[in-house]
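Notes to accompany the following structure.
The values are calculated or read from the model by the stated rules, or taken from the named source; none is laboratory data. Computed from a prediction, not measured in an experiment: that's the story for all the values here. Don't worry about glycine lacking a Cβ; one is built from the backbone with ideal geometry, like all the others, and counts go over all protein chains shown. Note: areas computed on protein heavy atoms with side chains; ligands, DNA, RNA excluded. Shrake-Rupley method; radii C 1.70, N 1.55, O 1.52, S 1.80 Å.
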Amino acid sequence: MTITRRASLAATLGFGAALLPPPGAHAAAPQRGGQVAGWYRFRLGAFECTVVSDGAINLAPPFPTFGGGVATEAAVTAALRRAFLPEDRLPTAINALVVNTGAQLILLDAGVGAQPVFGPGTGQLPASLRAAGIDPAEVDLVAFTHAHPDHAWGIADAAGDSVFPNARYAMSSTDFDTWTNEALLAQPEPIRGFVQGTRAVLLPRRDRFAMLGVNAEVAPGIRAVPTPGHTPGHVSYLLESEGARLLVLGDVANHAVLALARPDWPFVFDSDPGQAVATRRRTLDMAATDRLPVLGYHFPWPGLGHIEAAGQGFAFIPTPWQWG
Ligand SMILES: [Zn+2]
């Protein structure tokens, strides 16, 4: 139907004028801002899993946050442009995972917590848990991929009290020891601040921590796989139930486009860039070869998908959202 015919039809029916009230006749609907608390539930064999959002971080600038010392700024910008992403910042989700094994409620990584160390928009995890029907007091175990603030500080609230009052904790002994090491307080920022804050959160709870050895099982079907480089004791978690598997990557790859397309590009927060690159390539290659579903802690919400080999690296294929 042409515009002319539509207009004449409206005129014929006698409501043409009513369709377009004059400007200013109504107050505009208030723009409210805010966002919903994020949770996304799925089954993995006998496990009921819920991705819970702690919000998002804007990392900036993209270069040399990624690719410093290896890539050019133009190459990083071009990669973002190809993916239709902002070129001045990296919007970065924070996707924690609750696993209800039937026997235990286990949280994998705990978000940033009350300190806005990475800017506003974080600290949403307790609200997301409650929106998903999970009382933080029900959590039996918080297992960490590593000790960085955006993974570990969320176990303490603004007053320093425990967000998960009945939980025990599990972390690689390497990461616990590294990031609570008093000698590192002499390092420049951001290391000094990371260590200071991590000591304040972890040390008062030390007696509730289990120190994970290599390939330790934190619960039946949840195994800590060594993926060092981003931090010295970084682990990923391989979940397996009734033949269904999921690899919780943690920070093996910190961006679903840049870290995958060019796994050789260093990430500024990698402790050992060379080891991180090797771990990234090996882990992503395994996920692609084995068609292993992954959860990326910083991938676009909710961070679930697969890895495919592509070009000089890999690409992330998100899993379609499902209801129930
Ligand atoms: Zn992180």
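Each residue of the range 99-111 was assigned a 3J(HN,Hα) from its phi angle through the Karplus curve 6.51 cos²θ - 1.76 cosθ + 1.60 (θ = phi - 60°); the sequence is 10, 9, 7, x, 10, 9, 10, 10, 9, 9, 6, 10, x Hz, with glycine and proline shown as x. For the range 162-263, the extents of the C-alpha atoms along the principal axes are 46, 39, 25 Å, listed from largest to smallest.
Think of the chain as having a plus end and a minus end, set by charges on the Cβ of Lys, Arg, Asp and Glu; of Gln196, Phe63, Gly111, Phe63 sits farthest toward the positive end of this dipole. Size descriptors for the range 200-251: radius of gyration and Dmax over Cα atoms are 12.7, 40 Å. Restricting the calculation to alpha carbons of the range 43-150 gives Rg and Dmax of 17.0, 51 angstrom. Ranked by the mean number of other Cβ atoms within 10 Å per residue, highest first, peptides 210-216, 124-130 order as 124-130, 210-216. For the chain, excluding the exposed loop sites themselves (chymotrypsin sites (Phe, Trp or Tyr not before Pro), DSSP loop, at most 12 other Cβ atoms within 10 Å), the longest remaining stretch covers 85-320. Volume of the convex hull of the chain (Cα atoms only), normalised per residue: 202 Å³. For the chain, the longest principal axis of the Cα atoms and the long axis of helix 3-13 meet at an angle of about 70 degrees. With all protein chains in place and a 1.4 Å probe, the accessible surface of the chain carries 56 percent carbon and sulfur. Every helix of 4 or more DSSP H residues in the chain counts as -39500 (n - 2.57), and over all residues that averages to -6500 deg cm²/dmol at 222 nm. Ligands, DNA and RNA are left out, and with a 1.4 angstrom probe the accessible area of the range 37-318 is 40 Å² per residue.
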